[in-house]
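Following: one structure in structure tokens, then a few remarks.
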Amino acid sequence: MTPDELMDVAQGLQEKDASIPNHVRVCTAASCLSLKSDELAKQIKAELKEVGKDKDTKVRCVGCMGLCSAGPLVSVEAEDQKPVMYQKVTVENAPQIAESVASGKKVKDLVCDTDSPFFARQQKIVLENSGIIDADDINDYIANDGYQALMTAISEMQPNEVLDEITKSGLRGRGGAGFPTGLKWNMLAKTPSDTKYIICNADEGDPGAFMDRAILESDPHRILEGMALAAYATGATEGFIYVRAEYPLAIKRLKTAIRLATKNNFLGSNIGGTKFSFSIDIRLGAGAFVCGEETALIASIEGKRGQPRPRPPFPAEKGLWGQPTSINNVETLANVAPIVRKGGEWFASIGTNKSKGTKVFALAGKINNTGLIEVPMGLSLREIVFDIGGGIPDGQEFKAVQTGGPSGGCLPEEHLDMGVDYDSLRTAGSIMGSGGMIVMDKTSNMVDVARFFMEFCMSESCGKCIPCRVGTYQMHELLNRIAEGEGTMEDLAKLEELCEVVANTSLCGLGQTSPNPVRSTLRYFRHEYLELIDGKHIPAGAGQEVAS
Amino acid sequence: MSKVIRVVTLTIDDQEVTGREDETILTVARQHDIDIPTLCFLEGLSGWGSCRICLVAVEGVPKLLPACMTYCSEGMVVHTENEQIKAYRKSILELLFSERNHICSVCVSNGACELQALAQKCGMDHVSLPYRFPSYEVDSSHNLFRNDHNRCVLCTRCIRVCDEIEGAHVWDLADRGINAHVISDLNAPWGDSETCTNCGKCVQVCPTGALVQKGTAVAEMHKRRAFLPYLNAMRGNHG
């Protein structure tokens, strides 16, 4: 299939879609699905039949629409009407939805305001199809420019031209460290080998982070296309998606997507009639956080115990089964097809000087609008938390926002006006991480927060290197003592000393970054530690709820 | 066609030395009588890089690198010791001593223990962290040997020698983090192991009194390692 033929197919599909007057979209990503949105979709279909609108209405089960706290979400595009989004829709509401399609009148009680900043302030690249297309229907993806980038690349571009676009775009790894993707792929392309691998890291494990899950559940073909483009650019022939077994829906949709893409020759041998061949397999993670670290992930795919090994050699030289390998995060790969389609310059025009494009954040914790957002890099924390996130519930006051999961830090009010990008977060003592954002209000106890994340690192340490294995245990013990009012100034000094030792001597990123939550809370909320040591207890806060 | 291995010149502790690019900093340093302390490393077994005792500073690299796993490259400038590295080595040893029950006075390896020697060498004379005092079992089910988990430092030398030299792969790690421990077979008592060949290599490479010969009393367990370079030389291994 040539790019033009694909465009014709897409146009045909678009026209067919346009000929259907009414469209109903029901979110069936994990969060809404847990509120039985699949049954809701079925019921809406049945009710549409009752009102005689089933023939001219298409009901789609789509991916995440973002505002998880208001789920299940349903969007209705009735003939000649502005699209309307409904929130907290239950099976009992199905007749009302069907009726509104028939009458063209809104169900006023359920309307979700899409002009609110939560929706209006977002800019979607990665999530552009999320909430629009049916993840299990490859035609939906094709109708929305799907596989256009891949077909154009393999038939009209040289691999180095694809690399150039990615380099020009300034795309940086969305998994946490922010390594330039173009550079990573260049290293792989330059390493001579007959066998090279592309691995998609979908082992999302930060507490409170669900960006990758939503992308995989909502738009799996985008990842396949991104991986295929990576393979074409670097000379890889085989790909693996390493996805955690705790994401059954994402796995199911990925499997369907791989099957359909292979059937349509977007994957497999001689893709689109060219010489380029690339296949993708799925490997399931067994729930170890450390397997998100690239060398541990490789060991896990090889069937070994999930433990990291020292780098260098980097995977680009010696990766999976000793072959050159590139490991990219889900969100990174989701950006690839749009970049190739629209050009690196277009992407580089979004965001800040050194952090280009958008970033998907998972808003959680003490915030009104819990859910998934995509915003341009450089937007301030204040805009994210108060405008898009809708502020703090129950009339409470903002205290801190935790970014970057167990490797990140807590940023206080004074940093609210800071533009969020890789470098600003690092300077402030946190990291971008994968994009989890946990908001805390004044009831939160920061020593508890530090203890929670340290406990997480301690139980997720693989136990290979001494500083991480024993250091996280000892730091957790010290935090326990301090949090329970039994700590001394010596304990605090020891804690700070251990933070330095563990950060500078641990083998992999898990250990090296595990002291970050302690360090950042000590930097901004040291008085809370001191008050506990002095015996002046501050009210125990929401430590446990950080996990939710 | 075999890959061409180049000879490179590098500086270790202000001394200009030459080494092959497939040799590690540790190997080249030791060839030139420059001492870098190690624990999990054992010549003749594959590198593991877990104990972090051999961390060295390489100019231009922001992180400390394990000398046992980092290969030489042209123009590299290595510092094997500075005040920071010395302090880190001591801290790591303190962590290790606090982890399990290392009580030298009642140990069969007292006086011939690598952990003990390392602590003396690095000047670690006390542990400033609270001891964990975990309760570990002693596996005496084997006819000839004993496994005392209280003294294990998880260096994995036993796992590596059994897998790489003996080819039996009796040992492995189970659980993770602070709960990680060495197991034989699928967590069966060592004496019931169907794969153990009773060769004793694991006992001889163990740096502490964790794996020992039965019938030894305090300070009587001296390890014999001569078999390892011998076997490697006979088999033509250059590990």
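Inverting the mean 1/r over all pairs of different Cα atoms, compute the Kirkwood radius of the protein assembly as shown and quote it in Å. Please list the in-between numbers first.
Details: mean 1/r = 0.0349 Å⁻¹.
Taking the inverse mean of 1/r over all distinct Cα pairs, the protein assembly as shown comes out at 28.6 Å.
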With only helices counted (DSSP H, runs n ≥ 4, each -39500 (n - 2.57)), the per-residue ellipticity at 222 nm for chain A, to the nearest 500, works out to -12500 deg cm²/dmol
May I ask you to list the lysines whose Cα is less than 28 Å away from that of residue A:168, ignoring any residue fewer than eight positions away on the same chain? A:124, A:184, A:190, A:196, A:275, A:318, A:342, A:354, A:356, A:359
Of all accessible heavy-atom area on segment B:82-151, the percent that carbon and sulfur account for (1.4 Å): 52 percent
Taking segment A:428-503, which GluC sites (Glu not before Pro) meet the DSSP loop condition and have no more than 13 other C-beta atoms within 10 Å? A:484, A:486
Could you calculate the FRET efficiency of residue A:19 with residue A:39 from 1/(1 + (r/R0)^6), where r is the beta carbon distance between them and R0 is 25 Å, rounded to 0.05? 0.30
Distance histogram in 10 Å bins (all Cα pairs of chain B, percent per bin): 7, 29, 34, 22, 8, 0
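What does the highest-first list of A:173-182, A:158-167, A:275-284 look like by mean Cβ count within 10 Å?
On the way: A:173-182: 21.3, A:158-167: 18.8, A:275-284: 16.4.
Final packing ranking: A:173-182, A:158-167, A:275-284.
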Assuming R0 = 60 Å, can you tell me the calculated FRET efficiency for the pair residue B:86 and residue A:342, based on Cβ-Cβ distance, to the nearest 0.05? 0.65
Counting only protein heavy atoms with a 1.4 Å probe and every protein chain in place, the carbon and sulfur fraction of the accessible surface of segment A:257-345 in whole percent equals 49 percent
Heavy atoms of residue B:126: accessible area, 1.4 Å probe, square angstrom to 10: 110 Å²
For peptide A:494-507, compute the average count of partner chain beta-carbon atoms within 10 Å of each residue's beta-carbon. 4
Relative contact order (percent, whole number), chain A, Cα cutoff 8 Å, 6+ residue spacing: 14 percent
Straight-line reach from residue A:108: which lysines fall under 23 Å, measuring Cα to Cα and dropping same-chain residues less than 8 apart? A:36, A:42, A:45, A:49, A:53, A:58, A:82, A:88
Solvent exposure, largest accessible area first (probe 1.4 Å, DNA, RNA and ligands not counted), of A:108, A:124, A:36: A:108, A:36, A:124
Sketch the reach of a paramagnetic label on residue A:252 as a point 7 Å from Cα along Cα-to-Cβ, and name the residues of segment A:118-160 whose backbone nitrogen lies under 18 Å away. A:131, A:133-138
With a point put 7 Å past each Cα toward its Cβ, work out how far residue A:237 is from residue A:281 in nm, to one decimal. 1.4 nm
Which listed residue (A:223, A:310, A:271) has the Cα farthest towards the positive end of the charge dipole for segment A:207-345, taking +1 on Lys and Arg C-beta and -1 on Asp and Glu C-beta about the Cα centre? A:271
Extend 7 Å from the Cα of residue A:156 along its Cα-to-C-beta direction; within segment A:208-248, residues with backbone N under 17 Å of that point are A:229
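So what is the orientation-averaged projected area of segment A:358-441, using the convex hull of its C-alpha atoms, in nm²? Provide the component values of the computation, followed by the final result.
Details: hull surface 17.8 nm².
Projected over every direction and averaged, the Cα hull of segment A:358-441 covers 4.4 nm².
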Length-normalised contact order for segment B:89-235 - Cα pairs under 8 Å, 6+ apart - percent: 29 percent
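If you take every residue apart from residue A:154 with its C-beta less than 12 Å away from the C-beta of residue A:154, what net charge results, scoring Lys and Arg +1 and Asp and Glu -1? Before the final figure, lay out each step's value.
Details: positive: A:275; negative: A:156, A:161, A:225.
Overall, the nearby charge balance is -2.
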On a straight-distance basis, which aspartates and glutamates could pair with residue B:214 in a cross-link, Cα separation under 17 angstrom, same-chain partners fewer than 8 positions away excluded? B:137, B:139, B:148, B:192
Within a 10 angstrom radius of each residue's Cβ in B:47-54, how many Cβ atoms of other chains show up on average? Whole number is fine. 6
Roughly how big is the A-B contact, given as buried accessible area in Å² (both sides, 1.4 Å probe, nearest 100)? 2700 Å²
Compactness of segment A:18-116, expressed as Rg and Dmax over alpha-carbon positions, Å: 12.1, 34
Taking a probe of 1.4 angstrom, what is the accessible area of residue B:71 in Å², to the nearest 10? 120 Å²
How much of the accessible area of segment A:358-441, probe 1.4 Å, is carbon plus sulfur, in whole percent? 43 percent
What span do the alpha-carbon atoms of segment A:446-547 cover on each of the three principal axes, reported in whole Å from largest to smallest? 39, 29, 21
For segment B:148-162, residues shielded by at least 20 square angstrom of accessible area compared with the chain on its own, probe 1.4 Å: B:154
Along the positive direction of the dipole of segment A:358-441 (beta-carbon charges: Lys, Arg +1; Asp, Glu -1; about the Cα centre), which of A:403, A:420, A:391 reaches farthest? A:403
Under a crude label model (7 Å from the Cα following the beta-carbon direction), how far is residue A:274 from residue A:46 in nanometres? 4.8 nm
How shielded is B:127-138 by partner chains, expressed as the average number of their Cβ atoms within 10 Å of its Cβ atoms? 2
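What is the percent of Cα-Cα separations in segment A:127-238 that go past 22 Å?
Numbers: 2409 of 6216 pairs.
Of the Cα pairs, 39 percent sit more than 22 Å apart.
Mind checking segment A:187-285 for GluC sites (Glu not before Pro) that DSSP puts in a loop (not H, G, I, E or B) and that have at most 15 other Cβ atoms within 10 Å?
Working: sites: A:204, A:217, A:225, A:238, A:246; in loops: A:204, A:246.
Counting only loop positions with at most 15 other Cβ atoms within 10 Å, the GluC sites (Glu not before Pro) in segment A:187-285 are A:246.
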Answer with one residue from B:18, B:54, B:77: the one whose Cα lies farthest towards the positive end of the charge dipole of segment B:7-81, charges on Cβ with Lys, Arg +1 and Asp, Glu -1. B:54
Listed residues A:187, A:437 arranged by accessible area, highest first, probe 1.4 Å: A:187, A:437
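Students sometimes get this wrong: rank A:442, A:58 by accessible area, probe 1.4 Å, all chains present, largest first. Working shown, then result.
Values: A:442 100, A:58 65 Å².
So the residues, ranked largest to smallest area, are A:442, A:58.
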Accessible area per residue of the protein assembly as shown at 1.4 Å probe, in Å²? 40 Å²
Do you know the relative contact order of segment A:18-116, to the nearest whole percent, from alpha carbon pairs under 8 angstrom that are 6+ apart? 32 percent
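The values are calculated or read from the model by the stated rules, or taken from the named source; none is laboratory data. A quick note: this is a predicted structure, and the numbers were derived from the prediction, not measured. Positions of Cβ are backbone-derived with ideal geometry, glycine not excepted, and every protein chain shown enters the neighbour counts. In case anyone asks, the SASA skips ligands and DNA or RNA and just uses the protein heavy atoms, side chains included. Shrake-Rupley method; radii C 1.70, N 1.55, O 1.52, S 1.80 Å.
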